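Report on one structure; see the data block that follows.
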Amino acid sequence: PYWGAQWYIDASYDENVQRVIAPVFLELVRQEPWQRADPHFDLALLAQDLTDFPTPLARLRPERYTLGASFPGTAAVMSVYRLRSIAGDEPQKLALARLVRHHLGHVLGAPSLTRKEQVRRLGLEMHCTSPACAMRHASTVDECVEMAYEEAQSGWPFCDLCTSDLHSTITRYALVWS
């Protein structure tokens, strides 16, 4: 176990739904010896299709896919499988950058679980509702591309509240003395 990136993919891939099961993948990362010995952030970008449903639900809903899933404070797994359907290099690059920003934001704890304004809970994740913020939820490739263009036009991809959440997390981790 844990011998390389392909092991994580193989161990979390479900042949029945032809997708990587994100909760299984993220749990493998959470349990890896290096994560337990020295907690750190992991981001994985896969070529395989991905679902955020646990295995039994994924088998009941094989049409369900996700672009990415995160475990705050630890890891995110994202897939370029669906992004490959985007016509044109620029929209593909913008969508990919947006996907990575969004899930890095989740790994860093944005939006904060304690935040009460301009947030919406979706499953176990919090998402921002501010216009042109990378922490808004995109459930489809088209939404991801549309939001990527909005965020590109705004200059900075995070709203003030999410930026504050990110600063708080980065400061907290930077000041760890161990």
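The values are calculated or read from the model by the stated rules, or taken from the named source; none is laboratory data. The structure displayed is predicted, hence computed values, not measured ones. Note that each Cβ is placed from the backbone with ideal geometry, even for glycine, and that neighbours are counted across all protein chains shown. The accessibility values were calculated without ligands, DNA or RNA, using every heavy atom of the protein model including side chains. Shrake-Rupley method; radii C 1.70, N 1.55, O 1.52, S 1.80 Å.
Listed values, structure above:
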| read-out | value |
| --- | --- |
| Residue-normalised accessible area of region 1-139, expressed per residue, 1.4 Å probe, Å² | 52 Å² |
| Most to least packed among 73-80, 16-23, 160-167 [average Cβ atoms within 10 Å] | 73-80, 16-23, 160-167 |
| Within the accessible area of region 43-93 (1.4 Å probe), percent carbon and sulfur | 56 percent |
| Mean ellipticity per residue at 222 nm, deg cm²/dmol - from DSSP H runs of n ≥ 4 across the chain, formula -39500 (n - 2.57) | -13000 deg cm²/dmol |
| Accessible area of region 101-142 belonging to carbon and sulfur atoms, whole % at 1.4 Å probe | 56 percent |
| Note, ³J(HN,Hα) from phi for region 82-97, Karplus 6.51, -1.76, 1.60, rounded to Hz, x at Gly and Pro | 6, 5, 5, 7, 6, 7, x, 5, 4, x, 4, 5, 4, 5, 5, 4 |
| Using θ = phi - 60° and Karplus 6.51 cos²θ - 1.76 cosθ + 1.60, couplings along region 27-39 (whole Hz; Gly, Pro as x) | 5, 4, 5, 4, 8, 4, x, 5, 5, 6, 6, 8, x |
| Rg ratio (alpha-carbon, reference 2.2 N^0.38 Å) - region 1-131 | 1.07 |
| Most to least packed among 112-121, 25-34 [average Cβ atoms within 10 Å] | 25-34, 112-121 |
| Whole-number percent relative contact order across the chain, with pairs defined as alpha carbons under 8 Å at least 6 apart | 16 percent |
| For region 122-178 and region 61-109, distance of Cα centres in Å | 13 Å |
